[in-house]
Amino acid sequence: MAILDILEFPDPRLRTKAKPVTKVDDAIRQLTDNMLETMYAAPGIGLAATQVNEHKRIVVIDVSDDKSQPLVLINPEYEILSGEQEYDEGCLSVPGYYETVTRAEKILLKALNRDGEPFEMECDGLLSVCVQHELDHLEGKLFVDHISRLKRERIRKKLSKDQKERVKVR
Ligand code: QAP
Ligand code: CO
């Protein structure tokens, strides 16, 4: 297993649209395991392959309190079932920033699991927010695209400055 590097906003590679996985083989399973390890180490509750510069339709999520319920989603899709909810979202690719985003309340998620078998599940609450947030990544979209341009620009400038200073002190 390995901990992978996470791309940070405004890295243009985060804008890449991910391609479907054509076969769930050992290499894909190894990537999902490394993504879970990276997410748990961060620590985070969700991570998309895009964030580790792998442009494949793969997401890992664990919203349980004790990190006991890893979800591996391959070629995921969802349908909105009902309602709206607001949540203060963050992102491992936008470290240190949280903003309120409005998303659907209930969704029907369809994906392949780690063994390549299709499954469906209804999601609500935090899990529903997390699925919608992570599937945005696969389209090259970030939660900061759901907030005002003024707020997004403020975050972009601060993170760019942090990244430059990190290079200097290295
Ligand atoms: C996406 O986000 C999410 O800023 C997953 O300094 C977030 O795991 C879905 C994290 C909220 C639904 C609700 C963020 C860690 C982790 C940071 C994460 C940070 C350290 C974010
Ligand atoms: Co994110």
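Note on the range 1-11: residues that are out of contact with any Leu (no Cβ under 9 Å at 6 or more places or on another chain) and open to solvent by 100 Å² or more (accessible area, probe 1.4 Å) total 2. For the range 128-142, taking the residues that are more than 9 Å from ligand 1 (Cβ to nearest atom) and of a type in the set (Asp, Glu), the one that is farthest from Pro20 (Cα to Cα) is identified as Asp136.
If you filter the range 112-127 down to residues that are closer than 23 Å to Asp65 by Cα and of a type in the set (A, V, I, L, M, F, W, C), you find that the one that is nearest to ligand 1 (Cβ to nearest atom) is Leu126. Selection within the range 97-142: residues that are within 16 Å of ligand 2 (Cβ to nearest atom) and part of a strand (DSSP E or B). The member of this set that is surrounded by the fewest Cβ atoms within 10 Å (Cβ to Cβ) is Thr100. Can you find a residue that is in a loop (DSSP other than H, G, I, E, B) and open to solvent by 100 Å² or more (accessible area, probe 1.4 Å) anywhere in the range 22-35? Yes, that holds for at least one residue. Surrounded by 16 or more Cβ atoms within 10 Å (Cβ to Cβ), within 15 Å of Asp136 (Cα to Cα) and aromatic (Phe, Trp, Tyr): does that describe Tyr40? For Tyr40, the condition - surrounded by 16 or more Cβ atoms within 10 Å (Cβ to Cβ), within 15 Å of Asp136 (Cα to Cα) and aromatic (Phe, Trp, Tyr) - is not met.
The values are calculated or read from the model by the stated rules, or taken from the named source; none is laboratory data. From a predicted model like this one, the values you see are computed outputs, not experimental measurements. So basically every Cβ, Gly included, is an ideal-geometry build from the backbone, and we count neighbours across all protein chains shown. Accessible surface areas use protein heavy atoms only, side chains included; no ligands, DNA or RNA. Shrake-Rupley method; radii C 1.70, N 1.55, O 1.52, S 1.80 Å.
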